[in-house]
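Undergrad: Here you go, one structure.
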Amino acid sequence: MKKSVYLFLWFALTLAWSTGVYAQSTNVVVIVPDDLSYSDFSYYNRHQDAPRTPNIDRLIDESLRLTDFHVAPTCSPSRAQLMTGRYNDACGVWHTVMGRYFLDSTEVTMADVFKENGYRTAIFGKWHLGDSYPFRPQDHGFEEVVMIYGGGVDQQPNSWGSRNTMPSTVYDNGEPVVMTDANGGMPGAKEQLGVPGAFLTNFFTTKAIDYMKIHQEKQNPFFVYLAYNVAHVPNDTPPEARADASPHTATIENMDENIGRLLDFLDDSGLRDNTLLVFMLGDNGMANFMLRGDKATSYEAGHRVPCIIRWPAGGYAGTKTTSRDIPQMISEMDLLPTFMDVLNLKDVDSRLARKKMDGHSVSTLLDSDPSNNDAILGSRILVVDNQRLDDLVKYKEACVMRDELDAEGRIVHKWRLMRMSAAASWELYDMMTDTLQKNNLLAHSVNDRHIDEVVAALQAAYEKWWDEISVNAENYTCPIAGSSFESVTCLYGHDWHMDEGLPPWNQTMIAAGMSANGFNTVSFAQAGTYTFDLRRWPVEIEDETTITSGLTTPIRVTASNALSYGVALPVHSARIRIWKGDQVLFDERTNVDPDSDGVTFSVEMPAGPAMVQTWFYDASGKELCGAYYNYVRKQ
């Protein structure tokens, strides 16, 4: 009898121990390419000229397919929602430039949660939520950070002249690393004498695989965020591209090869079954053959993208026979709460009450039991909007979404209530019968009580949503200068706050000497003397430029790939103005040595936030532009 009891206890303890280890050792990999959607994958697009993506197609075929999955219409807002499980507007992120993409330090990210639960955390690729302290990935829970700066490889904050092909410089835990054939080539690719073989997607994939190998050997559970910067412009042709492929298509096919490498690694290493793999096949929507709209619109193609989940050990497909479509409306905001639910992760203790997640666990939709579906998921309302201005504007490009179920729980309507502006009328579409959104049900007077009730409910939901997300809309999130975490803070032209138009957000605009100006926001960690180093060109090319010169080494123009030596600007004097509210803290103008890199001002600054604006003038006093680069350092 005692022997039986001991055996039972031993079995129970073993089961409990193995269950705990299982939950702890489930690795998570989230893959997000840039600016892609349904037309870019051969699984969905069967046209002859479609990109060929056999590896991704195979993964889709053995995964759970979320067929009504929603992101934000542009890069930074989408990444803010993914990382936090919260509406991007509530996070202060509603643009990709003008400083309206900085993810505030009080936000809790996916990486923060995984790190809190003993996971090793890493990002490889594009962050686009701020490159200065306290917005950087390492300030938001990521331990390993291998990334480009800005929102694209040739955008202003990134290393000068970088592209997807060489030359390219990547920041590896803050240190610039030049991409080469050795670290950025496709393993096993045929060498071509004298032809560079490196491509940035290869680099990020290799780094991610190496990272996973290290932590598998150390038996550390890991969370890897593989955020490819492709196929955001500029589209460079990978070395191994097929002859008849466009640069865009070749970029996608190169990514597919790298996804194949990653899948092979998971198979060969034994990590496949117990790795929860999520692949959002676009960070925002793009124009495609299935849906109306484009990137940066609130019509369906702007925010609905394919998303797949595979986790064989957790019951989430793994084979073609266990794969299936999940038709319910799901948001990228749901991923973090779902991870926390199915992996039994605790939240971070530091989460502020006002920073509660807007997403909801969709675990009951992902399991194989349709009878336990969470009732909330069948009745909730989600909102997508597209702002892309310095300030939030009510009713601007809004889309309010809801599934309507019948008594048996079947989806009978997929409502989209839309409004382009405060001056525009509401539009209503049912995606169940009108996937191209051609039939606006409110275009004509219709005496339909049910439609009236639907519209009233969705309008009320929008008003409630707006009240919640706009509470802090007038606040600025500011880089912090003078802290021990960052010795130099650069205030980029990319981040100028402007009443209208766009700032010089890519290096082509900088090289062209774009005439624009605006102000930066910054907060000073402590009172003291700060130097403001105003420049026309970045510090990494100071040996070959002056404030009045063009380029010595030409840069490839974003759209055409033509080489440009830039435009020389006849800078004669520079001005800087610093203010806080109605109080001007500093305002000075001085002449500039034309053979120098720029001009430096030393200013006594109090601690706290301020606005900073700069000007370059020619000899006649005519304004040329602001200082594209303003390097701030505490003395």
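The values are calculated or read from the model by the stated rules, or taken from the named source; none is laboratory data. The structure presented is a predicted model; accordingly, all values stated were derived computationally and were not measured. Here the Cβ is made from the backbone with ideal geometry for all residues, glycine too, and neighbour counts use every protein chain on show. Note: accessible area is taken over every heavy atom of the protein model, side chains too, but ligands, DNA and RNA are not part of it. Shrake-Rupley method; radii C 1.70, N 1.55, O 1.52, S 1.80 Å.
Undergrad: Kindly identify the range 123-260 as rounded, prolate or oblate by the Cα gyration tensor criterion: order the square roots of the eigenvalues as a ≥ b ≥ c, call it rounded if a/c is under 1.5, otherwise compare a/b with b/c, prolate if a/b is larger, else oblate.
TA: oblate
Undergrad: In sequence order, what are the phi-derived ³J(HN,Hα) couplings for the range 566-579 according to the Karplus relation 6.51 cos²θ - 1.76 cosθ + 1.60 with θ = phi - 60°, rounded to whole Hz, with x for glycine and proline?
TA: x, 10, 6, 10, x, 5, 10, 8, 9, 9, 9, 10, 10, 8
Undergrad: Quick one: dipole size for the range 489-632, taken about the Cα centre, charges +1 on Lys/Arg Cβ and -1 on Asp/Glu Cβ, in debye to the nearest 20.
TA: For the range 489-632, the charge dipole is close to 220 debye.
Undergrad: Ignoring ligands, DNA and RNA, what percent of the accessible area of the range 46-105 is carbon or sulfur (1.4 Å)?
TA: C and S atoms contribute 43 percent here.
Undergrad: Something else: Quick one: with all protein chains in place, what share of the accessible area of the range 440-577 is carbon or sulfur, to the nearest percent (1.4 Å probe)?
TA: Using a 1.4 Å probe with all protein chains present, the range 440-577 comes out at 51 percent carbon and sulfur.
Undergrad: If you take the charge dipole of the range 85-170 about its Cα centre, with +1 on Lys and Arg Cβ and -1 on Asp and Glu Cβ, which of Trp94, Ala122, Met166 is farthest toward its positive end?
TA: Met166
Undergrad: Under a Cβ-only charge scheme (Lys and Arg +1, Asp and Glu -1), can you give me the dipole magnitude of the chain about the Cα centre, in debye to the nearest 20?
TA: Rounded to the nearest 20 debye, it is 820 debye.
Undergrad: Ok, one more. Ordered by residue, what ³J(HN,Hα) values in Hz, to whole numbers, does the range 303-318 give under the Karplus form 6.51 cos²θ - 1.76 cosθ + 1.60, where θ = phi - 60° and Gly and Pro are x?
TA: Once rounded to whole Hz, the list reads 9, 9, 9, x, 9, 10, 9, 9, 7, x, 5, x, x, 9, 6, x.
Undergrad: List the GluC sites (Glu not before Pro) within the range 370-451 that DSSP assigns to loop and that have no more than 12 neighbouring Cβ atoms inside 10 Å.
TA: Glu408
Undergrad: Let me ask something else about it. If you take the charge dipole of the chain about its Cα centre, with +1 on Lys and Arg Cβ and -1 on Asp and Glu Cβ, which of Leu502, Val113, Asn288 is farthest toward its positive end?
TA: Val113
Undergrad: Tell me, what HN-Hα J-couplings in whole Hz come from the Karplus equation 6.51 cos²θ - 1.76 cosθ + 1.60 at θ = phi - 60° for each residue of the range 39-53, using x for Gly and Pro?
TA: Karplus-based 3J(HN,Hα) across the range 39-53 equals 6, 9, 10, 5, 4, 9, 9, 8, 5, 4, 8, 6, x, 9, 10 Hz.
Undergrad: Could you give the accessible area per residue of the range 54-206, probe 1.4 Å, as a whole number in Å²?
TA: 25 Å²
Undergrad: Next question, about the same structure. Please identify the trypsin sites (Lys or Arg not before Pro) of the range 212-244 that satisfy two criteria: DSSP loop assignment and at most 14 other Cβ atoms within 10 Å. Which are they?
TA: Here the sparse-neighbourhood loop sites are Lys218, Arg242.
Undergrad: Looking at Val522, Thr322, Phe135, which one has the Cα that reaches farthest to the positive end of the dipole of the chain (charges on Cβ: Lys, Arg +1; Asp, Glu -1)?
TA: Ranked along the dipole, the leading option is Thr322.
Undergrad: Right, another one. Roughly to the nearest percent, how much of the accessible area of the range 184-302 is carbon and sulfur, given a 1.4 Å probe?
TA: The C+S portion of the solvent-accessible surface of the range 184-302 is 51 percent.
Undergrad: With charges set only on the Cβ (+1 for Lys and Arg, -1 for Asp and Glu), what does the dipole of the range 387-459 come to about its Cα centre, in debye to the nearest 20?
TA: Here the range 387-459 has a charge dipole of around 220 debye.
Undergrad: Now for a separate question. Using DSSP to call loops (not H, G, I, E or B), can you name the chymotrypsin sites (Phe, Trp or Tyr not before Pro) in the range 503-569 whose Cβ has at most 16 other Cβ atoms within 10 angstrom?
TA: Sites meeting the loop and neighbour criteria: Tyr565.
Undergrad: Over the range 491-635, give the accessible area per residue in Å² for a 1.4 Å probe, as an integer.
TA: 43 Å²
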